[in-house]
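No value in this document is a laboratory result; all are computed from the given coordinates. Since the structure is predicted, the reported quantities are computational estimates derived from the model, not experimental observations. Cβ coordinates were reconstructed from backbone atoms using ideal geometry, including for glycine residues, and neighbour counts include every protein chain displayed.
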Amino acid sequence: MTLPIDPVANLSALIRCPSVTPEEGGAMGVLQAMLEPMGFSVDRPVFSDADTPDVENLYARLGDGGPHLMFAGHTDVVPPGDAASWTYPPFSAEIAEGRLYGRGAVDMKGGIACFVAAVARLKAESALAAGSISLLITGDEEGPSINGTSKLLDWAVARGEAWDAAVVGEPTNPNELGDMIKIGRRGTLSANLVVKGRQGHVAYPHLADNPVRGIMTLLDALLDPPFDQGSEHFQPTNLEVTTVDVGNPAVNVVAETARASFNLRFNDNWTAETLKAEITSRLERAASERRLRPTASADIVWEIAWRDRPSPCFLTRNDALSGTLADAVEKVTGRRPNLSTSGGTSDARYIKDHCPVVEFGLVGQTMHMVDENVALADLETLTEIYRQFLLDWMARHAER
């Protein structure tokens, strides 16, 4: 029996599957073919929802006792853009000068390829300790994340699955392998803001109510003062205005409506609900300002629509998990990783409701870029980190 012990071969096979979200693209089949010869049971449930595409997912388990460790990730990738801009075709998995090129190389087929290789090596060495290992892999992380990890977790729990800990293989390292383990994530909250004015001629501003002045006033109130100064484990809460739109092609007409969208990344000083209340309070206070509207006779007329499914802020406080992984990183690389909560969201936000979860994967410098690529040496190093972690984590839990 040939086991998938080579992460380069594993990743090459996965990259050659054009699994642009939400398409499966053959990636789940390739992964299943790697796992079943090692004794994994494999299921590939498909989930559906209104106004979203159906998505195929994969759940695989090896063993039937505890402790039970989950590895989570995704095989879907973002579109490659103009393939002609790539040095090598984005799904060809070309190797050049010690690097493997292709969409998904680091985000995050590379992490999956390395974890599979790590398990295969332990299997070949007859070194797998008692317990269970599962892979929870979605095809809907880069998409709307409706028919992916959240539903896959519910599906698995309904079948009696429970986990002691989880590792997500997202690319967490900013510069070198061993830089960073993610032990939490900031929350995210988005909204659309609309200001209603009164259309008119620019030469007669007293007869109009310019919504641009109004929306500038409201956005200024959201941007200053800062929401907080950060906390022990998290950066300061930050609001970014992502679009301001009036849709007015005429230079001599005051528009009737102005729109803006914004996103916040918030720390553990807030919940989505307390942050909504703070934003609403700021808008209500600012609506009466006349500084930018000297001819206005009434408050700014505004409304806000919150986007669906805000993500909570969370922090994993589990030294048995983060400490064991950090030890494994240090044993293999000689570097002690920082424990961080920086960056955006990930599917760890769903997993944290089921078990302690941390994230560790490849260097993320080229993710989502043209010519996304990974060093072959990094694939080998990450495989050995995962292998060492599996040995140490299973042994630590066996002692309990």
Loop only per DSSP, at most 13 neighbouring Cβ atoms within 10 Å: give me the GluC sites (Glu not before Pro) in the stretch 223-295, ordered by residue number.
-> GLU232
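If you rank HIS397, HIS368 by fewest surrounding Cβ atoms within 10 Å, what's the result?
By the 10 Å Cβ count, ascending, the order reads HIS368, HIS397.
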Build a GNM of the chain with springs between Cα atoms under 10 Å: which of SER340, SER231, SER297 gets the top mean-square fluctuation?
-> SER297
Among MET34, MET70, MET369, which one shows the biggest mean-square fluctuation in a GNM of the chain, springs joining Cα atoms closer than 10 Å?
-> MET369
Listed values [x] 1.21; [y] 0.96; [z] 1.14, entry calculated as Cα Rg over 2.2 N^0.38 Å | [z]
If you take the beta carbon distance between THR52 and ARG291 as r and set R0 to 60 Å, what does 1/(1 + (r/R0)^6) give as a FRET efficiency, to the nearest 0.05?
-> 0.85
Looking at the chain, how many pairs of lysines come closer than 27 Å at the Cα, when each pair is eight or more places apart or spans two chains?
-> 15
Quick one: order THR274, THR188 by neighbouring beta-carbon count within 10 Å, fewest to most.
-> THR274, THR188
Label points 7 Å out from Cα along the Cβ direction at MET369 and ASN269: separation in nm?
-> 3.3 nm
May I ask for the angle, rounded to the nearest 10°, between helix 319-333 and the longest principal axis of the chain, with both axes built from Cα atoms and the value confined to 0 to 90°?
-> 70 degrees
Using only Cα atoms, locate the centre of the stretch 255-291 and the centre of the stretch 312-363, then give the distance between them in Å, rounded to an integer.
-> 32 Å
Roughly how tilted is helix 149-158, in degrees to the nearest 10 and between 0 and 90, from the longest Cα axis of the chain?
-> 50 degrees
Could you give the angle, 0 to 90 degrees to the nearest 10, between helix 109-124's Cα long axis and the longest principal axis of the Cα atoms of the chain?
-> 20 degrees
Roughly what would the spin-label model give for THR345 and ALA398, points 7 Å off Cα along C-beta, in nm?
-> 3.9 nm
Order of LEU207, LEU136, LEU69 - criterion: other Cβ atoms within 10 Å of each residue's Cβ, fewest first = LEU207, LEU69, LEU136
Where Lys and Arg each count +1 and Asp and Glu each count -1, what net charge lies around ASN10 among other residues with Cβ under 13 Å from its Cβ?
-> +1
Rounded to 5, the percent of DSSP beta bridges in the chain classed as antiparallel | 70 percent
Rounded to 0.05, the calculated FRET efficiency for the beta carbons of THR87 and THR243 at R₀ = 41 Å is 0.80
If you project the alpha carbons of the stretch 116-243 onto their three principal axes, what span does each projection cover, largest first, in Å?
-> 83, 33, 23
Simple spin-label estimate for GLN32 and ASP224 in nanometres, 7 Å along Cα-Cβ | 5.8 nm
Expressed in nm to one decimal, what extension gain is obtained for the pair GLU232 and SER190 from 0.36 nm per residue of sequence separation less their Cα-Cα distance?
-> 12.7 nm
Paramagnetic label zone (point 7 Å from Cα along Cα-to-C-beta, GLU94; backbone N under 20 Å) in the stretch 354-379 = 366-377
A student asked for the Cα radius of gyration and Dmax of the stretch 187-306 in angstrom ought to give 15.8, 53
